[in-house]
Amino acid sequence: MTLEGLQSELRKLHKQRLESPARAEARRLRRRALTPVERATVLKSTGSKCHLCGGPIATDQSWQADHVLAHSGGGAHTINNYLPAHTLCNNYRWAYLPDEFQLILKLGVWVRTQVERGTSIGIAVGQGFTAHERRRESRRRLKPSMTRQPSGAVSD
Ligand SMILES: [Zn+2]
């Protein structure tokens, strides 16, 4: 794949995502909050692990019930259709279609190797990324209400 091919693929996937009927449907369905008992059942279904990164979800950690079968198959709002995910993991993942997310993972894995090895591209990306994260953190500190999800938060 060439750089132009990668850019073209990213733009195509972005456009598909914005036009996706599944996305509109997910937005429509996402508002029903689960009860505390339902949330406890969802969390137990993976042994209190995030279904996206596989890491443990600590009791003081923000997490969301991810509605995994929301799309085409008419995934109902039953407990079986939810899996627990860290709020951070879910917020990064949920907006992307699977093809686009796989490409993001591949890019991310390659970039992390470049950063670790200290290649010129890795240093440039690492500097840009850490500056971006610092700006994000300072915006977050200015708006503490934006970081907390309501306890019954549900996402598709
Ligand atoms: Zn996670």
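The values are calculated or read from the model by the stated rules, or taken from the named source; none is laboratory data. Computed from a prediction, not measured in an experiment: that's the story for all the values here. Note: ideal-geometry Cβ built from the backbone for every residue, glycine included; neighbour counts use all protein chains shown. We work out accessible area using only protein heavy atoms, side chains counted, and drop any ligands, DNA or RNA first. Shrake-Rupley method; radii C 1.70, N 1.55, O 1.52, S 1.80 Å.
Distance between the pseudo-spin-label points of Gln61 and Arg11 (7 Å out from Cα toward the beta carbon): 3.9 nm. What's the FRET efficiency of Ser138 with Leu97 using the Cβ-Cβ distance as r and R₀ = 25 Å, to the nearest 0.05? Calculated value: 0.20.
Spin-label model, Leu18/Thr2: points 7 Å from Cα along the beta carbon direction are separated by 2.5 nm. Rounded to the nearest 0.05, the FRET efficiency derived from the C-beta distance between Thr130 and Thr46 at R0 = 22 Å is 0.10. Among 85-97, 53-65, the peptide with the highest mean count of other Cβ atoms within 10 Å heads the list, and the full ranking is 85-97, 53-65. Surface exposure of the range 88-139, expressed per residue as accessible area with a 1.4 Å probe, stands at 72 Å².
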